[in-house]
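Below is one structure, written out as structure tokens, with a few remarks after it.
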Amino acid sequence: MKATGIVRRIDDLGRVVIPKEIRRTMRIREGDPLEIYTDKDGGVIFKKYSLMGGLGDFAAQLCETLHKTTGRIVLITDRDSCIAVAGNARKQLTDKRISSRMEQIMEGRQIYQHQKDGSPIPVSEDSEEFFVETAAPILSEGDVLGCVVFSATRDNLLSDEVEVKLAQTIAGFLGKHMES
């Protein structure tokens, strides 16, 4: 646990204000669910809760199937990180934080397809090695939960309509799955 040096008081309703700098750094937005943990030393820990986090094994199987079918790098994200990856980028992208431009794709709620003359969008904040070919946001009851992404290195960006339809189908399926 890392000390921030910031102290806040609890109000009469039991609320604590999380400082804006921490919310921005941790990408905590208004309405985001937070899970509360306690440790043996009496500490209280808030952790962003990911609805998609519980789908890790299922998402990994979907990614593996899409990878075997297309031969492409496939990943499924929640709103913050890559929760499942299939292909030769597994080590580099699994559990990595998504890039801010990937986050913008999700917030736009539209399917993204890389254009040859466009600037490539990195998948992860940490790596400039893998880029987004196709991305389909996962929507459930109007909320963005994550994204289905086909990725490649800069030299191999060649998104096609089949990938767009596959990403759209899996994103739609996962969105419906989360509603039930």
Fill in: Evaluation of Gly43 against (1) surrounded by fewer than 11 Cβ atoms within 10 Å (Cβ to Cβ); (2) touching a residue at least 40 places away in the same chain (Cβ under 8 Å); (3) under 30 Å from Phe150 (Cβ atoms) (one fails), failing number
(3)
Worksheet item: Looking at (1) assigned to a loop (DSSP other than H, G, I, E, B); (2) in contact with a Lys or Arg (Cβ under 6 Å, 6 or more places away or on another chain), can you tell me which one Glu35 breaks?
Response: (1)
Worksheet item: Based on what the data block shows, is Val132 crowded, with 16+ Cβ neighbours inside 10 Å, over 21 Å from Tyr49 (Cβ atoms) and out of contact with any helix residue (DSSP H, G or I) (no Cβ under 9 Å at 6 or more places or on another chain)?
Response: no
Practice prompt. Quickly run through region 128-158 and pick out the residues that are closer than 26 Å to Gln92 by Cβ and either in contact with a Phe, Trp or Tyr (Cβ under 7 Å, 6 or more places away or on another chain) or of a type in the set (Asp, Glu) (or both).
Written response: Glu128, Glu129, Val132, Glu133, Thr134, Ala135, Ser151, Ala152, Thr153, Arg154, Asp155, Leu157
Worksheet item: So which residues in region 124-180 are more than 21 Å from Glu103 (Cβ to Cβ) and part of a loop (DSSP other than H, G, I, E, B), if there are any at all?
Response: Thr153, Leu158, Asp160, Ser180
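Could you pull out the residue among Ala60, Ala84 that is in contact with a helix residue (DSSP H, G or I) (Cβ under 8 Å, 6 or more places away or on another chain) and either more than 20 Å from Leu157 (Cα to Cα) or aromatic (Phe, Trp, Tyr) (or both)? Steps first, answer last, please.
Details: Ala60 fails: in contact with a helix residue (DSSP H, G or I) (Cβ under 8 Å, 6 or more places away or on another chain).
Among Ala60, Ala84, only Ala84 is in contact with a helix residue (DSSP H, G or I) (Cβ under 8 Å, 6 or more places away or on another chain) and either more than 20 Å from Leu157 (Cα to Cα) or aromatic (Phe, Trp, Tyr) (or both).
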Worksheet item: Residues in region 60-80: is at least one assigned to a strand (DSSP E or B), assigned by TED's automatic domain parsing to the domain that holds Val132 and hydroxyl-bearing (Ser, Thr, Tyr)?
Response: yes
Worksheet item: In region 81-99, how many are in a strand (DSSP E or B) and either over 17 Å from the mean Cα position of the chain (by Cα) or farther than 14 Å from Val148 by Cα (or both)?
Response: 1
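The values are calculated or read from the model by the stated rules, or taken from the named source; none is laboratory data. Since this is a predicted model, take the numbers as computed values, not measurements. All Cβ positions, glycine included, derive from the backbone under ideal geometry; neighbour counts span all protein chains shown.
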